[in-house]
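See below for the structure under consideration.
The values are calculated or read from the model by the stated rules, or taken from the named source; none is laboratory data. It should be emphasised that the depicted structure is a prediction, and the values quoted were computed from it without experimental measurement. A quick note on method: Cβ atoms are made from the backbone with ideal geometry, for glycine too, and the neighbour counts reach across all protein chains shown.
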Amino acid sequence: MYVEFDRDTCVGMYQCVAEWDTFEKNLNDGKADLKGSEEEEDDLFVVEVPDSEEFDAKFAARSCPVDAIEVYDDDGEQVV
């Protein structure tokens, strides 16, 4: 499972930070950061999700008010 985070879409409400500790506040930019991620495109960040954190990653995606977070299974199918 992996997460795609569109940082450009992020509006800095930080609900994701409260739900999954892989997200952290970046108060300088007013947006969240996805720790350990790689930038795939401009402001699109991707990170693998450990099995033990799948629930938290899904909950973080569901809590995002602007849908900046998407979760995909290992086959590339979007689950959130």
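So how many residues does segment 55-65 have that are part of a helix (DSSP H, G or I), surrounded by fewer than 16 Cβ atoms within 10 Å (Cβ to Cβ) and either touching a residue at least 12 places away in the same chain (Cβ under 8 Å) or acidic (Asp, Glu) (or both)?
Let us first name the residues in segment 55-65 that are part of a helix (DSSP H, G or I), namely 55-63.
If we keep only those that are surrounded by fewer than 16 Cβ atoms within 10 Å (Cβ to Cβ) as well, we get 55, 62.
Cutting the leftovers down to either touching a residue at least 12 places away in the same chain (Cβ under 8 Å) or acidic (Asp, Glu) (or both) gives us 62.
Adding up the residues that qualify gives 1.
Table: residues versus (1) over 9 Å from the mean Cα position of the chain (by Cα); (2) in contact (Cβ under 8 Å) with a residue 40 or more places away in the chain.
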{"position": "ARG7", "(1), (2)": "no, yes"}
{"position": "ASP21", "(1), (2)": "yes, no"}
{"position": "ASP33", "(1), (2)": "no, no"}
{"position": "GLU39", "(1), (2)": "yes, no"}
{"position": "GLU48", "(1), (2)": "yes, yes"}
{"position": "ASP67", "(1), (2)": "yes, yes"}
{"position": "ASP73", "(1), (2)": "yes, yes"}
{"position": "VAL80", "(1), (2)": "yes, no"}
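Give the number of residues within segment 66-80 that are buried (at least 16 other Cβ atoms within 10 Å of the Cβ) and closer than 15 Å to THR9 by Cα.
3
Can you find even one residue in segment 38-47 that is crowded, with 16+ Cβ neighbours inside 10 Å and either of a type in the set (D, E, K, R) or on the phi > 0 side of the Ramachandran plot (or both)? Full working, then the answer.
Here is the first cut: in segment 38-47, the ones crowded, with 16+ Cβ neighbours inside 10 Å are 44-47.
With either of a type in the set (D, E, K, R) or on the phi > 0 side of the Ramachandran plot (or both) added as a condition, the list becomes none.
Checked segment 38-47: no residue is crowded, with 16+ Cβ neighbours inside 10 Å and either of a type in the set (D, E, K, R) or on the phi > 0 side of the Ramachandran plot (or both).
Suppose we filter ASP8, ASP73, ASP43 for residues that are of a type outside the set (Val, Ile, Thr) and touching a Lys or Arg at 6+ places or on another chain (Cβ under 8 Å); which single one remains? Before the answer, list the steps.
Details: ASP8 fails: touching a Lys or Arg at 6+ places or on another chain (Cβ under 8 Å); ASP73 fails: touching a Lys or Arg at 6+ places or on another chain (Cβ under 8 Å).
When all the criteria are applied, what remains is ASP43.
Report yes if THR9 is out of contact with any Phe, Trp or Tyr (no Cβ under 9 Å at 6 or more places or on another chain), buried (at least 17 other Cβ atoms within 10 Å of the Cβ) and either at pLDDT below 95 or not aliphatic (A, V, I, L, M) (or both), otherwise no.
Working: out of contact with any Phe, Trp or Tyr (no Cβ under 9 Å at 6 or more places or on another chain): yes; buried (at least 17 other Cβ atoms within 10 Å of the Cβ): no; either at pLDDT below 95 or not aliphatic (A, V, I, L, M) (or both): yes.
So THR9 does not fit the description; no.
Among the residues of segment 66-80, write down those that are among the charged types (D, E, K, R) and either touching a Leu at 6+ places or on another chain (Cβ under 7 Å) or part of a loop (DSSP other than H, G, I, E, B) (or both). Break it down into steps so the answer makes sense when it comes.
Filtering segment 66-80 down to residues among the charged types (D, E, K, R) leaves 67, 70, 73-75, 77.
Correct list: ASP67, ASP73, ASP74, ASP75, GLU77.
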